[in-house]
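I have placed the structure first, in the form of structure tokens, so that the comments after it can refer back to it.
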Amino acid sequence: MNNLKLLFGKGNSIGQYGMIIALVVIVAFFWFTTDGLILEPTNVINLFLQYSYILILALGMVMVIIAGHIDLSVGSVAAFVGIIVAQSMSVWHWPAWAAIILGLAVGALVGAWQGFWVAFVRVPAFIVTLAGQLIFRGANQIIGQSTSVPTPDSYNTIGAGYLGDFGPDFGYSNGTLLLGLVTIAALIIIEVRGRRRRRKMQAEVPPLWVSVVRTGILVAVTLVATYLFGAGPVGTSVPIVAIILGVLTIIYGFITKNTIFGRQVYAVGGNASAAVLSGVSARKVNFFVMANMSVLAAVAGMVFVGYSNASGPADGTGWELDAIAAVFVGGAAVAGGIGTISGSIIGGLVMALLSNGLQLMGIESNKVQIIRGLVLLVAVAFDVYSKSQGRPSLIGGMMRQFQRKDTEQNTVGAQQPRSIEDQPQKVNPQ
């Protein structure tokens, strides 16, 4: 039994992986109810084309929520950046690469603006981003004059393009097969190096069968994904946007798990006063978390414009709600201090597959919205109920084996009163 626990992460139970189980159940349910359509290569490819921008937003939103804030402006910021990028190519005749750099720069400036109000003026992020939602939505309408602005094919590749193919025709995308093999090799190397590192540090090394089974599961998932992306219609393969999402997931997973800044985000979200007393600058953390969110909103907006082949006045509507739902369903705590990048991706996939499966069943869009809302409500309510009963949060505990122990220690004060004051009041001893 102890070895079995090592397989899922020491200190966690299988029951704490509710969202992974839910994801498998959802796929199995819709596989039967749609006669396998949900796992058809074409549908899987379209799923990532249509929902990757929400998953990109979730990567930034989870850090905002861990820090104890919320961002309601991401949809409007994405639309604002999208219309500027489209205008730069359509009206100013800029090349695609220059337009992308411009979009990232605008996103960074918007993030610095909102981060300033949150971190230094101490206006609650809810108010700042609500104002930003109105400001940047209006700016989008003014710049685009409430019309659609087309974008060139050279740019649209980032949102609607696929990994290039080469070599002889084996019936599958050779580029996708190569990417799958590289990923499998990387998974094996990471596991082997991890065991060597633990042995060198004289730390506890899991039994060999645990590493074999764990790596085997990841390899099996990679093989299935490689087949689904590689067996699509001629001319399709892994979407470029899925590769962008994968790279960003690795980067932000590393930041939150393995960097000082990542631990500081958890510390500020868990107990800001304690974090400040420990030498953490809450102002810097809050500033960079908000700024980073707007940069990722810019990426999501540019990707969506490429997918749509144009920037429209309705772009970004409701995106913030989808991103927030993905993060909370993925295990983030409402009070802050708890959440993971991997959990948010799982939560986003759950919501995306739920919408996609219901649509394949012919359920009308209004009912789909109701069902998605109920799923979000039940997921968060169950988490809150578990805490109120004095039991550990099951949703909050999901994916915790991906966090470092010192990060977990920074989150123990999630239920304690918090202050956003950067410097505590000094009391002279009497």
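Overall form of the stretch 34-171: oblate. Here a/c, set by the Cα gyration tensor axes a ≥ b ≥ c, is 1.5 or more, and a/b is not larger than b/c.
Sequence-ordered 3J(HN,Hα) estimates for the stretch 31-36 from the Karplus curve with 6.51, -1.76 and 1.60 and θ = phi - 60° stand at 5, 6, 6, 10, 6, x Hz, glycine and proline given as x. Rounded to the nearest whole Hz, the Karplus-based 3J(HN,Hα) values (6.51 cos²θ - 1.76 cosθ + 1.60, θ = phi - 60°) of the stretch 67-74 follow the sequence 6, x, 10, 8, 10, 9, 9, 4, with x at glycine and proline.
For residue 310, the amide hydrogen comes within under 5 Å of the amide hydrogens of 151, counting only partners 5 or more places away or on other chains and with H modelled in the peptide plane.
Accessible area per residue for the stretch 149-226 is 65 Å², calculated with a 1.4 Å probe on protein heavy atoms, without ligands, DNA or RNA. Only protein heavy atoms count here; on that basis, with a 1.4 Å probe, residue 26 has an accessible area of about 30 Å². Computed in the context of the full set of protein chains, the accessible area of the stretch 285-325 at 1.4 Å probe radius has 70% of its extent on carbon or sulfur.
In the assembled protein chains, residue 40 presents an accessible area of approximately 90 Å² (probe radius 1.4 Å). Ligands, DNA and RNA are left out, and with a 1.4 angstrom probe the accessible area of the stretch 316-366 is 29 Å² per residue.
Under 5 Å between amide hydrogens, built in the peptide plane, is the criterion, and for residue 162 it picks out 240 among residues at least 5 positions away or on other chains.
At full extension, residue 93 and residue 145 could sit 16.9 nm farther apart than now, given 0.36 nm per residue minus the alpha carbon distance.
The slack in the chain from residue 364 to residue 178, taken as 0.36 nm per residue of separation less the alpha-carbon distance, amounts to 63.0 nm. The calculated FRET efficiency for the pair residue 212 and residue 257, based on their C-beta separation and a Förster distance of 22 Å, comes to about 0.40. With 0.36 nm allotted per residue and the present C-alpha distance subtracted, the residue 192-residue 169 stretch has 4.9 nm of extension available. Taking the stretch 129-172 and a reference point 7 angstrom along Cα→Cβ of residue 234, the backbone N atoms nearer than 16 Å belong to 165-172.
The values are calculated or read from the model by the stated rules, or taken from the named source; none is laboratory data. Everything numeric here is computed off the predicted structure, so don't read it as measured data. So basically every Cβ, Gly included, is an ideal-geometry build from the backbone, and we count neighbours across all protein chains shown. We work out accessible area using only protein heavy atoms, side chains counted, and drop any ligands, DNA or RNA first. Shrake-Rupley method; radii C 1.70, N 1.55, O 1.52, S 1.80 Å.
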